[in-house]
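In what follows, a structure is listed as structure tokens, so that the remarks can point back to it.
The values are calculated or read from the model by the stated rules, or taken from the named source; none is laboratory data. Predicted model, so just to flag it, every value in this text is computed and none were measured. All Cβ positions, even for glycine, are placed from backbone atoms using ideal geometry, and neighbour counts span all protein chains on display. With ligands, DNA and RNA removed, areas are computed over all heavy atoms of the protein, side chains included. Shrake-Rupley method; radii C 1.70, N 1.55, O 1.52, S 1.80 Å.
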Amino acid sequence: MNWQTSINPEDKIVQEQLKSKGKLPRHIAIIMDGNGRWASEKNLNRLEGHKVGIESVRDVVKASSQIGIEYLTLYAFSLENWKRPISEVNGLMQLLEHYLKAEIDELYTNNVRIYSIGKLSALPKTIQKLLIDAKNLTKDNTGLTLTLALSYSGRWDIVRAVQLITLDVRRGKISPEDITEELFSSYLQTNILVEPDLLIRTSGEMRLSNFLLWEMAYGEIYISNKYWPEFRRDDLYDAINNYLNRERRFGKTSAQIHTEISNIIPTSNKKN
Ligand code: IPE
Ligand code: IPE
Ligand code: MG
């Protein structure tokens with residue numbers, strides 16, 4: 001199915017309104033939380049929550065691609081999540097395998113580039129292979145970059161970067177003085193992405209849970225009270241709308257930001 005031509009007219013209107021309101025976030029990252037609680041409240045097994053959560057993934061990926069978001073990063077499984085009961089971990093791995101197999105063709109046809117971050121060597125071999133194949137197949141796609149954070153931990157990625165940098169120093173490829181924030185970022189697995197502009201966490205929890213620790217230095221945070229299985233495109237639009245109403249100051253004052261904005265607007269468009 002072609003997502004651009006099959007877009008529903010009401011959706012198109014909302015998307016156009018958002019686009020005309022300001023510069024959309026280039027990179028949206030989501031902590032998809034609350035699957036278990038959603039299921040428990042309905043007296044269902046936690047895995048039922050993860051299953052319905054995949055419907056939310058489908059809808060949010062499609063809407064993000066249609067509206068023109070460049071990067072979408074989904075926290076699907078943390079390094080700490082391995083500590084959950086084995087039955088839940090196995091169920092999640094099966095769902096992930098199923099998602100990758102079922103969705104890859106549609107993602108490919110819709111110009112999505114697939115990427116992943118995290119300690120992938122800890123994942124089952126079948127999933128590692130599916131991810132490698134998906135990345136290879138979609139590597140030249142130019143639409144949405146969909147990054148799956150799997151077996152991911154922000155601290156783990158930072159420590160890994162330190163190890164790689166140390167090796168390069170030892171080999172004489174770089175010297176300690178060369179280590180800048182920019183160089184450090186280039187050793188992180190997220191180096192092909194831009195920094196997140198907007199981080200959404202569902203289920204009302206207000207913490208990062210080891211997600212994109214370095215990258216979120218200046219990212220905007222939006223908390224939705226909905227559980228992830230109930231979070232759909234309209235909730236994504238609400239989050240983007242909320243983001244568009246904010247002022248990102250990056251340490252400067254509001255007055256400085258206003259001056260910068262008025263300097264970008266051509267004089268002919270300026271109101272007297
Ligand atoms: C998020 O939902 C999915 C994963 C962490 C894999 P949870 O499974 O954390 O659901 P809650 O937070 O227990 O409700
Ligand atoms: C964070 O959710 C990880 C994912 C959404 C994959 P958790 O449910 O694992 O986080 P905590 O334990 O509540 O912080
Ligand atoms: Mg949780």
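Kindly establish whether LEU198 is crowded, with 19+ Cβ neighbours inside 10 Å and of a type outside the set (Gly, Ala, Ser). It is true that LEU198 is crowded, with 19+ Cβ neighbours inside 10 Å and of a type outside the set (Gly, Ala, Ser).
Residue count for region 174-205 satisfying the condition of being within 18 Å of LEU72 (Cα to Cα) and within 16 Å of ligand 1 (Cβ to nearest atom): 4. For region 236-250, does any single residue satisfy the condition of being exposed (fewer than 13 other Cβ atoms within 10 Å of the Cβ) and of a type in the set (Phe, Trp, Tyr)? For region 236-250, residues exposed (fewer than 13 other Cβ atoms within 10 Å of the Cβ) and of a type in the set (Phe, Trp, Tyr): present.
Listed here are the helices (runs of 4 or more DSSP H) enclosed by region 1-114 that have at least 2 residues being basic (Lys, Arg) and away from ligand 1 (no atom under 16 Å from the Cβ): 9-21. Of the residues making up region 9-25, none is under 22 Å from THR147 (Cβ atoms), open to solvent by less than 70 Å² (accessible area, probe 1.4 Å), within 16 Å of ligand 3 (Cβ to nearest atom) and in contact with a Phe, Trp or Tyr (Cβ under 7 Å, 6 or more places away or on another chain).
When region 188-203 is limited to residues that are in contact (Cβ under 8 Å) with a residue 40 or more places away in the chain and part of a loop (DSSP other than H, G, I, E, B), the one that is nearest to ligand 3 (Cβ to nearest atom) turns out to be SER203. The single condition among (1) within 13 Å of ligand 2 (Cβ to nearest atom); (2) surrounded by fewer than 17 Cβ atoms within 10 Å (Cβ to Cβ) that HIS50 does not satisfy is (2). Just give me the residues in region 221-241 being under 16 Å from LYS23 (Cα atoms) and under 13 Å from the mean Cα position of the chain (by Cα), in sequence order. Hit for region 221-241 is LEU236, nothing else.
Results for (1) in a loop (DSSP other than H, G, I, E, B); (2) β-branched (Val, Ile, Thr); (3) within 16 Å of ligand 1 (Cβ to nearest atom), shown as yes or no for each residue.
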site: ARG207; (1), (2), (3): yes, no, yes
site: PHE211; (1), (2), (3): yes, no, yes
site: ILE221; (1), (2), (3): no, yes, no
site: ASN225; (1), (2), (3): yes, no, yes
site: ASP235; (1), (2), (3): no, no, yes
site: ASN242; (1), (2), (3): no, no, no
site: ARG246; (1), (2), (3): yes, no, no
site: PHE250; (1), (2), (3): yes, no, no
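Here's the yes/no breakdown for (1) open to solvent by 10 Å² or more (accessible area, probe 1.4 Å); (2) touching a residue at least 12 places away in the same chain (Cβ under 8 Å); (3) among the basic types (Lys, Arg):
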| site | (1), (2), (3) |
| --- | --- |
| MET32 | yes, yes, no |
| ASN35 | yes, yes, no |
| VAL60 | no, yes, no |
| TYR71 | yes, yes, no |
| LYS101 | yes, yes, yes |
| THR138 | no, yes, no |
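Filtered by the rule that a residue be in contact (Cβ under 8 Å) with a residue 40 or more places away in the chain and open to solvent by 80 Å² or more (accessible area, probe 1.4 Å), region 215-225 gives no residues. Taking the listed residues ILE104, ILE117, ILE67, the one that is of a type in the set (Val, Ile, Thr) and within 16 Å of ligand 2 (Cβ to nearest atom) is ILE117, with no other qualifying.
Please count how many residues of region 117-136 are open to solvent by 10 Å² or more (accessible area, probe 1.4 Å) and either modelled with pLDDT under 95 or within 23 Å of ALA161 (Cβ to Cβ) (or both). So the answer is 7.
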